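Asker: Encoded as structure tokens, here's the structure I'll be asking about.
Just so it is clear, none of the values below were taken in a lab; they were calculated from the coordinates. As the structure is a prediction and not an experimental result, all values here were calculated from the model. Please note: Cβ atoms are built from the backbone with ideal geometry, for glycine as well, and neighbour counts cover all protein chains shown.
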Amino acid sequence: MSARDTILNKTIVGEWTLAQILTNEAANLVKIWEDCMRDNVEYGGAIYIKDGAIRPTVNSAKGNGNNMNIERFRTPPAGSRILGEFHTHPGKQPKDGRPSDDDISNHWDRTFKNPALTHVALVVTTTKEPASGWGKYAFITKEYGVIVYEDAAKGVRIWAMPRLTEKPKFE
């Protein structure tokens, strides 16, 4: 089974898989990404499921420039569970088309210090890639981020960052 299939079909919280979450919420995440592109600022938030509900809810906010503090979204509303957190990358530069080094390092710190966390971390980006390929960053697209959704017509991708078992290394 590929890394993409594994992350899409692994149970995250309760009976929810990333595939089920994206079936329900990919369109909302794409809309938020379109807003970030229009405003040229990061957006971020979380995807929650209210106890007994059959459909998740997305809660998001606009960040400041090129960063978004999503800490406030990590505590679900009363009677809800967090399924995933996300943030967007504005811009149409190829470097904006993948999880950043900071995204990966922060994800490692959070999941290593909190092994009980099971929700998924998502980054919504452009589909642009450097013409010559990712070069020294190619390993990031294989080890630290998995493309789980893409709409080529809109130029948007959703990356999932799998739980890391060792501290990321950047060359």
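Asker: Under a point spin-label approximation (7 Å from Cα along Cα-to-Cβ), what is the T6-N28 distance to one decimal in nm?
Answerer: So the label points at T6 and N28 sit 2.9 nm apart.
Asker: For T127, enumerate residues with amide H under 5 Å from its amide H, sequence gap 5+ or separate chain, H modeled in the peptide plane.
Answerer: Excluding prolines and chain starts, which carry no amide H, the hits are V156, R157.
Asker: Let me ask something else about it. Nearest 0.05, what FRET efficiency do A78 and D39 give at R0 = 30 Å with Cβ-Cβ as r? Numbers along the way, then the final one.
Answerer: On the way: r = 31 Å, r/R0 = 1.02.
It comes to 0.45.
Asker: Shifting gears a bit: Under 5 Å between amide hydrogens, which residues at least 5 positions from Y149 or on another chain qualify, with H placed 1.01 Å from N in the peptide plane?
Answerer: Under 5 Å from the amide H of Y149 lie the amide H atoms of I158, each far enough along the sequence or on another chain.
Asker: Output the pairs from K31/K62; K10/K31; K128/K154 with a Cα-Cα distance over 22 Å in this structure; if there are none, say none.
Answerer: Values: K31/K62 13 Å; K10/K31 25 Å; K128/K154 11 Å.
Table pairs above 22 Å Cα-Cα are K10/K31.
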